[in-house]
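This is the structure I have questions about; it appears just below.
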Amino acid sequence: MEELVEALVERVRGEGAVRTAILLEGHDEARPELLEALARRGLERGEKHVRVPLGEQLALLVSSLGEVPEKGLRKRLAGAESADEVNHVVEVAVTEAKLTRAIGNAGAVVLVQAADVVDEATTAKLAPAVEEAHRRLKASARRSLPLRRTVLELLGQPANRDLEAQLLARIQALRGPLVSVAQVVEAIESAPLESIHTALLELASAGRIELRPESGVGSLSEDEARLCPRTPDGVCLSYLRPLR
Amino acid sequence: MNPFDLEHADPWTGDLVDVDSLNQEASDTIKDAVLAVRGHSVEQPDSLRAHSILVLGPAGAGKTHLFARLRRSLGPRAAFVLLRPELGAVAHPRQVLAMTMEALRRKVFAEGDQRQLDIVVGALFGAARGGTGQRFPHMVLEELGNLDEAAREEALEETLIFIENHFEEAELGWLETLLRTPFMRRPTQRAALSWLAGLELNARELKRVGYTERLSEERILPALRTLGIIASFGAPILLVFDQLENLVDGEDTTRVLAHAHLVAELFDTVRGMVVVQMALDGVWQRHVSPALTEAQRSRLERKLCFTRMPTTDERQALVTAWAAKLSEPEPFPWPLSPEDWTRIAGAAVMTPRMLMKACRDALLGESEVASDPGQHLQELWADGLERAQAAVERAAKEYGGVPLDRLASAIWALLALTDAEVEATSGRHDRHQWEVTTDEKRLIFVLQQTHHTSVAAALRRAIERGKKHPVIILRERSMPIPSGWKAVNELRQEVLRTGVWIDLELSRVQELIALHDFLAAARSQDLTLDDGTPVPAEMVRAWLRDEVGALTWPLSKRLLGQPTDEASPPAHTEPPLEALKDEAPALLAELGLASLERLMRELRAVGTPQSRQQVRRSLEALGDAVTWLSPELVYLRGAPR
């Protein structure tokens, strides 16, 4: 029985979905037990199919392709039996913030991982910056080329992915629900402090970490405070919370 | 109401501006724990257990707000208790029992007349009669109140047997008194509730409730256990320790460990209680958690929740909800400008308190925002004095005076502002005696006890200890020693031969309580400048010394053995009756202590508005009868109250 279940799971996982009647052909008597065993092994049962759960398929699809158009999604999910159940799976993933809707390169609505969109706060910052950059570019077309800092800084430097990855690895290594920013920063030797602070703020904007204001009773040493980024108002951000 | 003035959440407020999604995880965790306990006693009494939840977050992120939110959402389904550590004092079970019983006397809703205690007791009676106890507990009580005495006794007997059968750890003697309280006459009920709370009663009160002494030490924890069990039938005790950062005392971990021991004990033995601890995340991480043993950590940090920063949507929802409370709100982002909103929406960190400050400043405009930190602290101090006045008056009404622990902590806070070396000399729990060393050693005793034998015992200790060093005794003037307490009066005379006896005036007690709470708020980062940044605790200490002049108060000088102009308490100067006919003085005569701001507000409300200068001038005409505690705060001595 165990071997049979193993073989059925392998088949479903390999094909994404198999019609129940075909999958269990010749095992009519053991059908209830087999279906229960397959469910225990993490497979989903639709009206006509046994399948890899639609949510799992969707997550895999988005992570391998980067973005997946919402239109026509049903055809891409093996064993999807109705538009309603596909919509439900999408809504669950969006509600749980696993996926989010974005405007793709072709201008259509696509599903992407939540970390891959520009968050609302950055969007709010970008809108006036884009307008300002546009004004300056227009002016420069009439007179002379724009200064690097006046335009590129308005639109933000491209994120330093390596540095962000290093920071995330360090945060993970330190473990714990609350991590000291000074401990994270002091371990990164390859980048200037300013870049590290920028990368930390980027990670916060992308929803990977939450930076938290210092709440000690004067117990942060000067050295520790120097390593921490600050808000524009000067509030020291001394702890962070990994979000996912 | 201007919601932007409510920068510090009032945990007991019924008028709450809330965005439900903010910190929902923490509130759901606590709510789930309460609902899991509720009714568990009926279904599975053997598996009833306590819950422990730790909520960490930076200042102004909404920890105290959670308490108010849970009160609103759970209503009568939980009995809410809020404890904040006293500076210099050590946490102990008697204090928890006292605070819990005091909280049970609070109303469930401000507008109703049901007390939390009525829900707890009514639900238990209901459960013992075969119901779950959760439905209409007040009606059960009402029904019992209408029965004749014999029938009521029978119901009480049945309830005691019901508890005895299911919970062998219950303290039945204590429970019996508790169950009788709803049917007692008011003065007896007040005395009984004080006894149940483990407080000291005077001889008359003891006689009234039929006991000869206060609840003994060995009965305190059993009483708490009993309370945890019986409350679980209808309104489980939700015990919230707030501002736990105030436990940190430099390198000294005594208070942290005492708290940890207490919470571990409650978690292990008080079934049905939901214990929630709240603290600043950085302080807990750096100072509290490392001091705990593994066993303590497994209990105190059993379930960990964090308050989190509001998302952009939540920031918008907060601004909209606050603005809606104003009389003529304008469309979002008002009161913020679009530029302000762009900055705020994009800020990496924005606590609700920072956001509220930004809105308030935008609403007031630059010119009206206090830019001088000193002026800002002055305003906060005036507010603190008003709160202290209300608290002292409430304590006088309920207990005859401020509870011993509270007054002792306040004295400790004053002493800690000085350069003197201060060391507690009393027992592990009752920190109300200190050795204070400046040029010489002095012994200070806070004598706030209410029973003559306790007062006499404390005085004997003082006399014994005073053989080596000068002794100073402090007692509230509103708790005079009756002439009938012969032994106490003789002992007092003996103390006076070599020592000093200070009767604390009402205004002094208010100042002390305000000073204590001001320092505690500073340590919790709840005192903030107009830009939203917390005022450093050291700056607050310096400000209290330099600007409030706490060290030049006659009381401070007497405690430190310095010469003072006030050899004895000043005689009350009666205010000239003629002057009291003016509106402002007449109002002050009613209030006793008030800020100019409050006087102006009250005068406006009764249709006789006056400018700040007019109010000040008419009060100055009262001469020595008024004392200016600060440029904004005035106290009328001998006011007919």
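Which condition number does B:Thr320 fail, the rest of (1) in contact with a Lys or Arg (Cβ under 9 Å, 6 or more places away or on another chain); (2) without any contact (Cβ under 8 Å) to a residue 60 or more places away in the chain; (3) away from every other protein chain (no Cβ under 14 Å) being met?
That leaves (1) as the condition not met.
Looking only at region B:293-312, filter to residues that are farther than 16 Å from B:Leu266 by Cα, not in a helix (DSSP H, G or I) and not aromatic (Phe, Trp, Tyr); which one of those is farthest from the other protein chains (Cβ to nearest Cβ)? Show your work before the answer.
Start the filter on region B:293-312 by keeping residues that are farther than 16 Å from B:Leu266 by Cα, which leaves B:293-294, B:304-312.
After this cut, where a residue has to be not in a helix (DSSP H, G or I) as well, the list is B:293, B:304-311.
Applying the additional criterion that residues be not aromatic (Phe, Trp, Tyr) yields B:293, B:304-305, B:307-311.
Working: B:Thr293: 18, B:Leu304: 6, B:Cys305: 9, B:Thr307: 9, B:Arg308: 6, B:Met309: 6, B:Pro310: 11, B:Thr311: 7 Å.
This residue is B:Thr293.
In region A:211-242, how many are more than 10 Å from chain B (Cβ to nearest Cβ) and in a loop (DSSP other than H, G, I, E, B)?
2
Regarding region A:200-210, can at least one residue be identified that is touching a Leu at 6+ places or on another chain (Cβ under 8 Å), within 11 Å of another protein chain (Cβ to nearest Cβ), within 24 Å of B:Leu244 (Cβ to Cβ) and surrounded by fewer than 22 Cβ atoms within 10 Å (Cβ to Cβ)? Walk me through how you get there before you give the answer.
In the first step, residues of region A:200-210 are kept if they are touching a Leu at 6+ places or on another chain (Cβ under 8 Å); the result is A:200-201, A:203-204, A:207-210.
When the remaining residues are screened for being within 11 Å of another protein chain (Cβ to nearest Cβ), the result is A:200-201, A:203-204, A:207, A:209-210.
Cutting the leftovers down to within 24 Å of B:Leu244 (Cβ to Cβ) gives us A:210.
Narrowing further to those that are surrounded by fewer than 22 Cβ atoms within 10 Å (Cβ to Cβ): A:210.
Yes, region A:200-210 contains a residue that is touching a Leu at 6+ places or on another chain (Cβ under 8 Å), within 11 Å of another protein chain (Cβ to nearest Cβ), within 24 Å of B:Leu244 (Cβ to Cβ) and surrounded by fewer than 22 Cβ atoms within 10 Å (Cβ to Cβ).
Here's something else I'd like to know. Are any of the residues in region B:450-458 touching a His at 6+ places or on another chain (Cβ under 7 Å) and in contact (Cβ under 8 Å) with a residue 24 or more places away in the chain? Steps first, answer last, please.
Step one: of region B:450-458, the residues touching a His at 6+ places or on another chain (Cβ under 7 Å) are none.
No.
Tally the residues that are surrounded by fewer than 16 Cβ atoms within 10 Å (Cβ to Cβ) and within 14 Å of another protein chain (Cβ to nearest Cβ), restricting the search to region B:202-261.
4
Rundown of residues vs (1) in contact with a Lys or Arg (Cβ under 7 Å, 6 or more places away or on another chain); (2) among the aliphatic types (A, V, I, L, M), yes/no style:
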site: B:Ala413; (1), (2): no, yes
site: B:Leu417; (1), (2): yes, yes
site: B:Thr425; (1), (2): no, no
site: B:Gln433; (1), (2): no, no
site: B:Asp439; (1), (2): no, no
site: B:Pro470; (1), (2): yes, no
site: B:Leu474; (1), (2): no, yes
site: B:Ile481; (1), (2): yes, yes
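If you go through region A:103-114 one residue at a time, do you hit one that is aliphatic (A, V, I, L, M), touching a strand residue (DSSP E or B) at 6+ places or on another chain (Cβ under 7 Å) and within 14 Å of another protein chain (Cβ to nearest Cβ)?
yes
Counting just the residues of region A:115-136 that are hydrophobic (A, V, I, L, M, F, W, C), in a helix (DSSP H, G or I) and more than 12 Å from chain B (Cβ to nearest Cβ), which one comes out surrounded by the most Cβ atoms within 10 Å (Cβ to Cβ)? Steps first, please.
To start, the set of residues in region A:115-136 that are hydrophobic (A, V, I, L, M, F, W, C) comprises A:115, A:117-118, A:121, A:124, A:126-127, A:129-130, A:133.
Checking which are in a helix (DSSP H, G or I) leaves us with A:115, A:121, A:124, A:126-127, A:129-130, A:133.
Checking which are more than 12 Å from chain B (Cβ to nearest Cβ) leaves us with A:115, A:130, A:133.
Details: A:Ala115: 14, A:Val130: 12, A:Ala133: 18.
Of everything passing the filter in region A:115-136, A:Ala133 is surrounded by the most Cβ atoms within 10 Å (Cβ to Cβ).
A further question follows. Please work out if B:Ala61 is under 22 Å from the mean Cα position of the chain (by Cα), buried (at least 23 other Cβ atoms within 10 Å of the Cβ) and away from chain A (no Cβ under 14 Å). Before the answer, list the steps.
On the way: under 22 Å from the mean Cα position of the chain (by Cα): yes; buried (at least 23 other Cβ atoms within 10 Å of the Cβ): yes; away from chain A (no Cβ under 14 Å): no.
No: the conditions fail for B:Ala61.
Need at least 1 residues that are of a type in the set (Val, Ile, Thr) and within 29 Å of A:Leu240 (Cβ to Cβ) per element, so show me which helices (runs of 4 or more DSSP H) inside region B:3-78 make the cut, counting only ones lying wholly within it.
Numbers: elements: B:24-37, B:40-43, B:63-74.
It comes to B:24-37, B:63-74.
Looking only at residues that are closer than 23 Å to B:Arg442 by Cα and outside any helix (DSSP H, G or I) in region B:491-544, which one is nearest to the other protein chains (Cβ to nearest Cβ)?
Step one: of region B:491-544, the residues closer than 23 Å to B:Arg442 by Cα are B:491-505, B:508-509, B:511-513, B:515-516.
The next check asks that each one be outside any helix (DSSP H, G or I); those that pass are B:499-505.
On the way: B:Gly499: 36, B:Val500: 34, B:Trp501: 36, B:Ile502: 31, B:Asp503: 35, B:Leu504: 29, B:Glu505: 32 Å.
Within region B:491-544, the match that is nearest to the other protein chains (Cβ to nearest Cβ) is B:Leu504.
A:Val50 fails exactly one of the following numbered conditions: (1) within 30 Å of A:Ile22 (Cα to Cα); (2) assigned to a helix (DSSP H, G or I); (3) modelled with pLDDT of 85 or more. What is the number of that condition?
(2)
When you scan region A:190-200, do you find a residue that is farther than 20 Å from B:Trp284 by Cα, part of a helix (DSSP H, G or I) and of a type in the set (Gly, Ala, Ser), even just one? Show your work before the answer.
Here is the first cut: in region A:190-200, the residues farther than 20 Å from B:Trp284 by Cα are A:190-200.
When the remaining residues are screened for being part of a helix (DSSP H, G or I), the result is A:193-200.
Okay, now just the ones that are also of a type in the set (Gly, Ala, Ser), so A:195, A:199.
Taking every residue of region A:190-200 in turn, at least one turns out to be farther than 20 Å from B:Trp284 by Cα, part of a helix (DSSP H, G or I) and of a type in the set (Gly, Ala, Ser).
The values are calculated or read from the model by the stated rules, or taken from the named source; none is laboratory data. Remember, predicted model here, so these are calculated numbers, not experimental data. When we count neighbours, we look across all protein chains shown, and the Cβ atoms used for this are built from the backbone with ideal geometry, even at glycine.
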